[in-house]
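Engineer: So that we are looking at the same thing, I have put the structure below in structure tokens.
The values are calculated or read from the model by the stated rules, or taken from the named source; none is laboratory data. Here the structure is a predicted model, which means the values were calculated and not measured. FYI the Cβ positions are ideal-geometry reconstructions off the backbone, even for glycines, and counts take in every protein chain you see. With ligands, DNA and RNA removed, areas are computed over all heavy atoms of the protein, side chains included. Shrake-Rupley method; radii C 1.70, N 1.55, O 1.52, S 1.80 Å.
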Protein chains: 2
Amino acid sequence: MARPRRSQAREDAKGEFVEAAWELFSRRGYDATPVSAIIEKVGLSKGSFYYYFTSKEEVLDAVVSRIVDEISRAVEPIPSHPEFTTQEKMRSFFRAIGDWKVANMDIIREAAEVIYRDENVIIRHKMNNMVVERLSPALAEIVARGIEEGAIDAEEAEGTAEMILRFFNAMAEMQAASFVAAKDDPAALMRVIRKAELYMAAIEKMLGVSRGVLSPLDADFEERLQGAVSGEGMPREPGLSGERG
Amino acid sequence: MARPRRSQAREDAKGEFVEAAWELFSRRGYDATPVSAIIEKVGLSKGSFYYYFTSKEEVLDAVVSRIVDEISRAVEPIPSHPEFTTQEKMRSFFRAIGDWKVANMDIIREAAEVIYRDENVIIRHKMNNMVVERLSPALAEIVARGIEEGAIDAEEAEGTAEMILRFFNAMAEMQAASFVAAKDDPAALMRVIRKAELYMAAIEKMLGVSRGVLSPLDADFEERLQGAVSGEGMPREPGLSGERG
DNA sequence: GAATATATACCGACGGTCGGTATAATATGC
DNA sequence: GCATATTATACCGACCGTCGGTATATATTC
């Protein structure tokens, strides 16, 4: 199956476009990034870009899909974990999302400012919808099992799972709004975390599970988050110059 | 401060721009509506448009603001209603929003398809944020009183009110997604209503109030909605020609 | 294994649209 | 008739997406 290699062809030109697009979108925003910038960064031409994608929006879809894929991979095995209780599964599920965020915090922190701007709702919207779409089956499985066991108080697993994720997204939107509103206030972060606890507590309450099942409530988490947010993580490499010899 | 009146001048050129923009945005979408179309509809020029608005986005803000104003006016007197119980206030509050939707259903129904498209998230986003911003003080007042009375189980009124509205928005997003997904399925509407009840029940549960406090649960509502959605309402006037002597 | 045909990857100029600006022209109040 | 408010027109530059075309690699045929 050895792939024939073309002299001029890239290994994975399409992937390079997606990567470049994400870096640019997250730094400059979607509307503010012309296709020409993506092209320049990759070092290919407009013709190539439109060979792989039918539109600028399509490359955004690919970007979002790649990100959600990562989270999805972390989350999918959880429902069938043999030893976890429903509560542990639920916690792992949200923890996995949280961990992804923390792991990518250096990117998120930098990108947040950009992505949370009104003009870039389209990015968040696509993320949110894809999260619901791709993650709700796994969550539904956990919820269904939880209902059977009596650990969760709900009527219908799929609808409930979808709803939880949408509420989760609503929380993220609140965080977005709060961060943008109080940009340079160092105390803002902690206030946002407190606010987020309100949301998690509400979701717990509505599922009839005890406090702390979804929200970590461990000092560890806040510390990690604190550290990541305050900028101890690696900064992204500075240069935007993508093309070189 | 007497308004200078001029023979050629419009009574309210700015308002006409806003009106025209709303009609076009709701029919064609935001991105797909060029400023030139708004101008043509009003019968003025680009110079005038940019005299009143600094950007295309600003006219969108004005459009959204005008809509939220309408809802806001209906909602603001509710908290101080002398005879309503907390439950009645809560119900009135959401009823007012629902009524606005039903009253404008003929517009919404037509606009929904357009507005719910991905490319038009920006419209919904601005609506959602403005709803939270402008309506949460009134709701917070109700919630605060409810907490005092022991009718509502929550810790903090403002945060809770904001959260409720955000969850409400999340429900609307679910409806958006469902409608778009099952566009021509007549049964879809009823399924969406059932799903919406799941959300309202969840919010009720999380506030510790009994089922039916927020969600109407009256046959009347479903009927009105049914009627409005199935197209018994007035269709919007067909022509796009807005300018007349 | 040379010749031919075809698919894949890529190029870059160009068209047309659109948001926004510059500036001139006109109206109105004083 | 002057300052200010309002409107018109011409124009700019950025941008998305298209299109005709090229080059290389593979498949086919003899």
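Engineer: Taking the range A:15-58 on its own, how many of its residues are within 14 Å of chain B (Cβ to nearest Cβ), touching a residue at least 12 places away in the same chain (Cβ under 8 Å) and either near DNA strand C (Cβ under 10 Å from one of its atoms) or on the phi < 0 side of the Ramachandran plot (or both)?
Structural biologist: 4
Engineer: Taking the range B:194-217 on its own, how many of its residues are part of a helix (DSSP H, G or I) and open to solvent by 20 Å² or more (accessible area, probe 1.4 Å)?
Structural biologist: Counting residues in the range B:194-217 that are part of a helix (DSSP H, G or I) and open to solvent by 20 Å² or more (accessible area, probe 1.4 Å) gives 6.
Engineer: Okay, moving on. For the range B:192-212, give me each residue that is more than 10 Å from every other protein chain (Cβ to nearest Cβ) and more than 21 Å from the chain's Cα centre (by Cα).
Structural biologist: Passing the criteria: B:VAL209, B:SER210, B:ARG211, B:GLY212.
Engineer: Moving on. Could you list all residues from the range B:35-85 that are open to solvent by 60 Å² or more (accessible area, probe 1.4 Å) and more than 16 Å from DNA strand D (Cβ to nearest atom)?
Structural biologist: B:ARG66, B:GLU70, B:ARG73, B:GLU76, B:PRO77, B:SER80, B:HIS81, B:PRO82, B:GLU83, B:PHE84, B:THR85
Engineer: I need the full set of residues from the range B:167-177 which are more than 13 Å from the chain's Cα centre (by Cα), within 10 Å of chain A (Cβ to nearest Cβ) and open to solvent by 20 Å² or more (accessible area, probe 1.4 Å), in order please.
Structural biologist: B:ALA177
Engineer: For the range B:137-166, give me the residue count where each residue is open to solvent by 20 Å² or more (accessible area, probe 1.4 Å) and more than 8 Å from every other protein chain (Cβ to nearest Cβ).
Structural biologist: Number satisfying all stated conditions: 12.
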